Amino acid sequence: MGVSFVTEGSVMRTLIKNGTVVTAVDTFAGDVWIEGEKIVALTAPGAAHGMTADKTIDATGKYVMPGGIDAHTHMDMPFGGTTSSDDFETGTIAAAHGGTTTLVDFAIQTKGSSLRQGLDTWYGKAEGKAAIDYGFHMIFTDVNPTTLDEMSGLVREGVTSFKMFMAYPGVLYVDDGQIFRAMQKARDLGALICMHAENGIALDVLIEQAIARGETAPKYHSLSRPQIAEAEGTHRALALAEMAGAPVYIVHLSAPRALDKVVEARDRGLPAYAETCPQYLFLSLDDLARDGFEGAKYVCTPPLRPKEMQEDIWRGLKTNDLQVVSTDHCPFCFKGQKELGRDSFAKIPNGMPGVETRMYLLWDGGVRTGRISMNRFVEITSTAPAKIFGMYPRKGTIAPGADADVVVWDGEKEHLLSEKTLHMRVDYSPYEGQKVRGAATQVFSRGELIVDEGQWLGKKGRGKFFKRNTFSL
Ligand code: DUC
Ligand code: ZN
Ligand code: ZN
């Protein structure tokens, strides 16, 4: 590759040499040159073209990949009578250890106040704390003429996606008319609607009936939220989006019958997108049914499904009917938080930790088992979310001009997943005691080495808000 360089005297230049560069489409031996915050060149191994480096990382035997993008996290989120246990400091540091260099978190509009107030609250939570770059989706809890008018300002500010809930009546739920109006507006603005697609109204009836029968243990969280409720919500979200002429992104898809709806829409050429999360690939109803109150650790929504459903979700990832794996990271400690639901699953705060383990699990259980290629791994963890959420090509690839968010990945390194070895601020790991292979040995965020061989070198507050572009796929 022919390259020319302008050396800017004081800008730090880093060389990551002798690694195998993996992007969503290519795998090649190459040296990656970083200047300041940017990747400036890729050269053949050893072909320095007259350049010298201030710092060199030897990536022999390792992979050099774009930093992960987790497009679905809930840091410091009030929910279920408590607040998710990671804030933007602890959550982003944990993310970085696991090879993730950008988050898109969910800001929430409080009913009765403006989107602006909700978004400002989330800026306040992240500023001075986030250690990696972040963006925000905006959660609508109240779609009305005033909040619809506010959407354009948020889009100009780089908050280009909006989430609504068909679940959680009385809390986050919005009705079909509200969803449809927001979709029409999103279409006009080039924004993307993200949907929590479960029929929450019907589910509340099933939950009430389960409790009346004395079915209060954690496993009834799943048994009272059948996959048909998710399939129905998914179908309705897709139909409303089609009527509005808007793109739609189904969050945390967990169920084969919901996936069927996405497949059908995509096969008809609709701009329908969907993500799943590691918990739906690696955990199941068996975990929710663990002895005693252990199952509470596995309460998230949509719920964990019977184990035999996992293969269908893997198939969706292989066929690109599912484009993204994010985490829905929403941790609650077992002691003092999950315990709120000792007498009823309906009071267990919904959510699990995951921001740090996503890449480990997908590498170990996806790439190493041959279910997905390395390129597909990069695509579903980084490139696709960057493209769908308006961050590409600054984020999501290894290319000259991109932000130097780079992970040097040891595909063989074995480590233990445990509350003791992981960095998330939560008192358990859903994967406690499991050994996985694959780990980030060096993590760069905008050119700065923030994790080196497990050692944290970054600083809280160094992460910057990412002003995302409108939807363009
Ligand atoms: N699901 C969860 O498990 N936690 C946060 C919100 C959600 O939809
Ligand atoms: Zn959700
Ligand atoms: Zn969520």
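Quick notes on this structure:
- Spin-label pair T216/D343, simplified geometry with 7 Å Cα→Cβ offset, distance in nm: 0.6 nm
- Once the Cα-Cα distance is subtracted from the 0.36 nm per residue extended length, the S373 to R290 segment shows a gain of 26.6 nm.
- Helix 227-244 vs. the chain, principal-axis angle (Cα, 0 to 90°, nearest 10): 70 degrees
- Accessible surface of the chain, 1.4 Å probe: 50 percent of it comes from carbon and sulfur atoms.
- The angle separating the long axis of helix 88-97 from the principal Cα axis of greatest extent in the chain is about 60 degrees.
- Proximal lysines relative to K55, as straight alpha-carbon distance under 21 Å, when same-chain residues fewer than 8 apart are discounted: K17, K38, K459
- MRE, 222 nm, helices only [DSSP H, n ≥ 4, -39500 (n - 2.57), over the chain, to nearest 500]: -8000 deg cm²/dmol
- Among the chymotrypsin sites (Phe, Trp or Tyr not before Pro) in the stretch 169-235, none is located in a DSSP loop while being surrounded by at most 13 other Cβ atoms within 10 Å of its own Cβ.
- Paramagnetic reach from R437 (point 7 Å along Cα→Cβ, amide N under 13 Å) across the stretch 339-368: 363-368
- Computed from phi, the 3J(HN,Hα) profile of the stretch 14-22 under the Karplus parametrisation 6.51, -1.76, 1.60 (θ = phi - 60°) reads 10, 10, 9, 10, 6, x, 9, 7, 10 Hz, with x in place of Gly and Pro.
- For T56, the residues 5 or more places off, or on other chains, whose built amide H falls under 5 Å of its own are L15.
- Distances between placed amide hydrogens fall under 5 Å for T100 paired with G68, all partners being 5 or more residues away or on another chain.
- Within the shell defined by Cβ-Cβ distances under 10 Å, the residues around Y428 carry a net charge of -1, with Lys and Arg each +1 and Asp and Glu each -1.
- Neighbours of L317, meaning other residues whose beta-carbon lies under 9 angstrom from its beta-carbon, give a summed charge of +3 when Lys and Arg score +1 and Asp and Glu score -1.
- Here the extension length gained between D26 and L457 equals 152.2 nm, from 0.36 nm per residue of separation less the Cα-Cα distance.
- Integer Hz, Karplus 6.51/-1.76/1.60 couplings in order for the stretch 329-343, x for Gly and Pro: 3, 8, x, 9, 5, 5, 6, x, 10, 4, 4, 4, x, 4, 8
- Helix 176-189 and the long axis of the chain differ in direction by around 20°, with both axes built from C-alpha atoms.
- DSSP beta bridge pairing in the chain, given as percent antiparallel to the nearest 5: 50 percent
- Gain on full extension, evaluated as 0.36 nm per residue between R268 and L416 minus their Cα-Cα distance, stands at 48.9 nm.
- Violating pairs (Cα-Cα greater than 29 angstrom) within the set K62/K307; K335/K464; K297/K435; K129/K261: K62/K307; K335/K464; K129/K261
- Working from Cα pairs under 8 Å separated by at least six residues, relative contact order for the chain is 22 percent.
- Using a simple spin-label model with pseudo-atoms 7 Å out from Cα toward Cβ, D149 and N320 lie 4.2 nm apart.
- Using the average count of surrounding beta-carbon atoms within 10 Å as a protection proxy, the listed peptides 454-464, 378-388 rank, highest first, as 378-388, 454-464.
- Cut-off 10 Å between beta-carbons: net charge of the residues surrounding L115, Lys and Arg +1, Asp and Glu -1: -3
The values are calculated or read from the model by the stated rules, or taken from the named source; none is laboratory data. This one's a predicted model, so the numbers in the text were calculated from it and none came from an experiment. Note: ideal-geometry Cβ built from the backbone for every residue, glycine included; neighbour counts use all protein chains shown. To get the accessible areas, we keep the full protein, side chains included, count just its heavy atoms, and leave off ligands, DNA and RNA. Shrake-Rupley method; radii C 1.70, N 1.55, O 1.52, S 1.80 Å.
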